[in-house]
Structure formats: C-alpha cells, structure tokens
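See below for the structure under consideration.
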Amino acid sequence: MVKHRENRHGQKAAGGLGAKPRRDISGKPPVKAAHASRPAKPSRDHGERAAEPRDAATAPAAPERPLMTRSGERPAERVPVILESLGAGDFHLIDSGNGLKLEQYGPYRIVRPEAQALWPPSLASHVWDNADAIFTGDTDEDGMGRWRFPREALGETWPLQLLGVDFLGRFTAFRHVGVFPEQIVHWAWMKEQVEAAKRPLKVLNLFGYTGVASLVAAAAGAEVTHVDASKKAIGWARENQALGRMEKLPIRWICEDAMKFILREERRGNKYDIILTDPPKFGRGPNGEVWHLFEHLPLMLDICREILSPKALGLVLTAYSIRASFYSIHELMRETMRGAGGAVESGELVIREAGLDGRTPGRALSTSLFSRWVPK
C-alpha cells in the first residue's frame with residue numbers, strides 16, 4: 001500500500017565545455033577530481049561498502065565539465081511531500097523503537113539498527129526475541145558486523161518478491177539485505193509512468209545495486225540501462241534477473257563509474273525518459289574514482305538534466321543517511337531544472353509500521369530525503 005501526502009505551496013520557494021565554470025551551491029568551484037558510482041557494499045541499493053575514504057587527489061583525474069549556466073524560471077515547487085509505504089509484496093515494517101526496527105522479509109523476521117527509531121517499541125519483547133535474524137556489531141550505516149540467528153542457521157540468500165518482481169534477499173556484512181523498501185514508492189511511480197505511456201520509454205538507473213528497480217521498469221515495458229560500479233552488485237542483479245526468468249527483458253547491465261558513464265552519454269547525445277539516481281555519501285568507482293555527495297552532486301544532476309529526453313517524465317534523486325535538510329536537494333533540483341517547466345516535489349520517504357499482520361498502521365519511520373522533477 002502506497003500513500004502520497006503533500007502540502008503544496010505556491011511557486012516560490014551546469015556546463016558546455018567552453019563555458020566559464022560557475023560556482024556550485026556550496027560556493028566551491030567545479031571539482032576536477034574523479035567521481036564514483038556507489039561503492040561495492042550493500043548500501044542503498046548498491047554492492048559492498050568500500051574502505052575508508054582516502055585523499056581524493058590519489059584517484060585518477062576526470063576531465064572537467066563545468067556546470068551549465070541555467071536561465072529561465074525555476075519549476076513550481078511542492079513541499080513538503082511525504083511519500084509513504086505501508087509495505088508491499090514480501091516486505092513490511094512490523095515494529096520499531098529503541099534504535100532498532102523489526103521487519104518482515106518473506107518468511108523471515110529481521111532486527112536491524114535504526115537510529116531514527118527514538119521511541120519505545122509497541123510490541124512485547126518476546127516478539128522481538130523471536131526474530132529469525134538479528135544484525136549485531138557496528139550500528140553505523142557503513143559499519144561492519146555480523147548476523148545472529150537465534151532460532152536456526154539460515155542460508156545466505158532467500159527468495160523475495162516486490163511489485164511482481166522476484167529477487168534474492170541476502171544477509172550481508174553491512175546489515176543490508178539487498179533491497180531498500182522505502183524506494184517502493186518511487187518504483188511504483190515509475191511502473192505507472194511506463195505502463196501508462198503510449199510509447200516505449202528509456203529508463204536510466206544510476207547506482208543500481210541489485211537491480212530490483214531495473215527489473216520493475218523492464219517488466220513494465222521500459223528499455224533499461226542499469227549502472228553500478230560494483231561487479232558483485234552487477235552479478236547479484238543478474239542473479240535476480242535469472243531468478244525471475246527475465247533474461248529476455250531489454251536491460252543493459254553496465255559496471256562503470258556513474259559520472260564517467262553519464263558524461264559519455266552526454267557526449268554521444270543519448271537521452272532517457274526517466275532517470276533514477278540514489279547516490280551514496282561517499283563511494284569509489286572501479287578504478288579508484290572518488291565520489292563525495294556534497295561536492296559532486298550538483299554536477300551529476302546537471303549532466304542528468306542534459307541527458308533527459310525532450311519528453312522526459314521524471315528525474316528522481318534519493319539521498320540517504322546524510323546530515324541535511326530536504327530543502328538542500330530541493331533547491332538544487334530547482335536550480336538544475338531552470339527553464340524546464342514542470343514542478344519539483346521534495347520531502348521524505350517514510351515507511352509506516354504495519355504490525356504483525358502487515359495491515360495495522362502504526363508510526364512512520366523516516367528513511368531518506370528525496371527530490372523529484374516531473375514535467376507537470
């Protein structure tokens with residue numbers, strides 16, 4: 001079940017190679033350092049977490065591409081928008097509290113850290129104690145740990161389904177399980193757009209991780225390009241494709257640095273009708289390219305703007321585990337889309353507790369910030 005609630009306000013409130021570089025929203029000049037796709041860790045739909053950050057100067061340099069100087073009116077705005085999921089398919093959030101969340105993933109009940117669950121749990125302790133798998137160790141998003149199986153040892157993977165797509169859940173060393181269910185609202189929106197279009201659509205999924213979004217889009221009828229820097233993540237995505245017997249669907253699986261890929265697409269003049277991007281705070285590409293969200297996001301969005309088709313249906317940005325207001329990415333998206341018309345809607349993705357039965361609404365757990373440009 002997906003709900004879309006919003007409070008609407010009025011309409012208030014990057015570069016050609018020969019253009020003069022323009023400072024980004026942080027006041028810093030465009031960065032020449034290399035950029036990266038999501039690191040090889042199961043982080044927000046993407047491979048196994050990379051090592052600690054090193055000096056970006058040690059990474060190979062990428063050609064500078066200054067930000068475009070945009071003109072025209074900024075798109076209308078819709079803020080704040082709360083996109084809410086009460087679960088879907090084989091997933092729902094059972095309960096949360098005391099810095100933890102209790103989730104249902106297919107046949108398994110799983111306990112994982114969740115720093116934003118500041119309240120006490122609603123359900124009795126024996127319900128939590130009866131979980132099939134509990135992640136222990138570093139509670140930081142990037143921290144490593146291990147899984148404890150109180151009842152019986154479980155295999156590394158198990159089958160799951162969301163939005164009609166089969167895929168594998170997996171117990172990883174970084175507490176993730178191969179899917180980020182708050183993204184269900186974006187995937188459901190994308191699925192509706194593809195199915196309603198009276199023409200074939202091209203979808204680009206940047207930082208695509210295990211490919212669930214790519215499979216949803218392709219199953220709906222889109223031609224999909226899936227990009228991730230992790231060979232392991234690409235391999236997992238192909239496993240998911242095979243599991244669902246979807247090998248014949250038009251998906252290009254590309255293991256490459258995300259910034260390098262979109263720069264090349266811009267040079268080639270390739271266009272996409274929908275772009276999904278879910279970048280990490282920090283990441284590395286396959287050749288040591290460095291990605292820092294606050295430094296490189298303005299340029300990434302600027303390039304994405306250039307590779308949107310003339311009849312594009314959306315540019316979707318999700319930002320997870322960052323210390324920022326949704327207004328930071330909201331205003332960046334509006335500046336990026338100056339002169340494009342349409343509207344930018346931004347806010348938070350939340351998952352609502354659904355109880356043991358999956359149908360009893362409880363508290364809302366905030367998971368991510370997002371900003372989405374749509375043409376109308």
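The values are calculated or read from the model by the stated rules, or taken from the named source; none is laboratory data. Nothing here was measured: the structure is a model prediction, and the numbers come from that model. Glycine also receives a Cβ, built like all others from the backbone with ideal geometry; neighbour counts cover every protein chain displayed.
Of the residues screened, Gly164 is one that is surrounded by fewer than 18 Cβ atoms within 10 Å (Cβ to Cβ) and in contact with a helix residue (DSSP H, G or I) (Cβ under 7 Å, 6 or more places away or on another chain).
Return the total of residues in segment 97-134 being over 22 Å from Trp158 (Cβ atoms) and buried (at least 20 other Cβ atoms within 10 Å of the Cβ).
So the answer is 1.
Within segment 338-361, restricting attention to residues that are assigned to a strand (DSSP E or B) and among the aliphatic types (A, V, I, L, M), which residue is surrounded by the fewest Cβ atoms within 10 Å (Cβ to Cβ)? My answer is Ala343. Filter segment 280-311 down to residues that are in a loop (DSSP other than H, G, I, E, B) and modelled with pLDDT of 95 or more and give me whichever is surrounded by the most Cβ atoms within 10 Å (Cβ to Cβ). Among them, the one singled out is Ile307. When Gly221, Gly235, Gly208, Gly178 are checked against the criterion of being crowded, with 18+ Cβ neighbours inside 10 Å and either over 13 Å from the mean Cα position of the chain (by Cα) or closer than 26 Å to Ile303 by Cα (or both), Gly208 stands alone in meeting it.
The residue that is surrounded by the fewest Cβ atoms within 10 Å (Cβ to Cβ), counting only those in segment 312-327 that are among the small types (Gly, Ala, Ser) and not in a loop (DSSP other than H, G, I, E, B), is Gly314. Of the set (1) in contact with a helix residue (DSSP H, G or I) (Cβ under 8 Å, 6 or more places away or on another chain); (2) farther than 29 Å from Leu100 by Cα; (3) not hydroxyl-bearing (Ser, Thr, Tyr), all apply to Phe207 but (2).
Restricting the search to strands (runs of 3 or more DSSP E) fully inside segment 190-267 and requiring at least 1 residues that are touching a Gly at 6+ places or on another chain (Cβ under 7 Å) and not assigned by TED's automatic domain parsing to the domain that holds Gly283 gives an empty result.
Residue count for segment 140-184, restricted to those that are part of a strand (DSSP E or B) and in contact with a Lys or Arg (Cβ under 7 Å, 6 or more places away or on another chain): 2.
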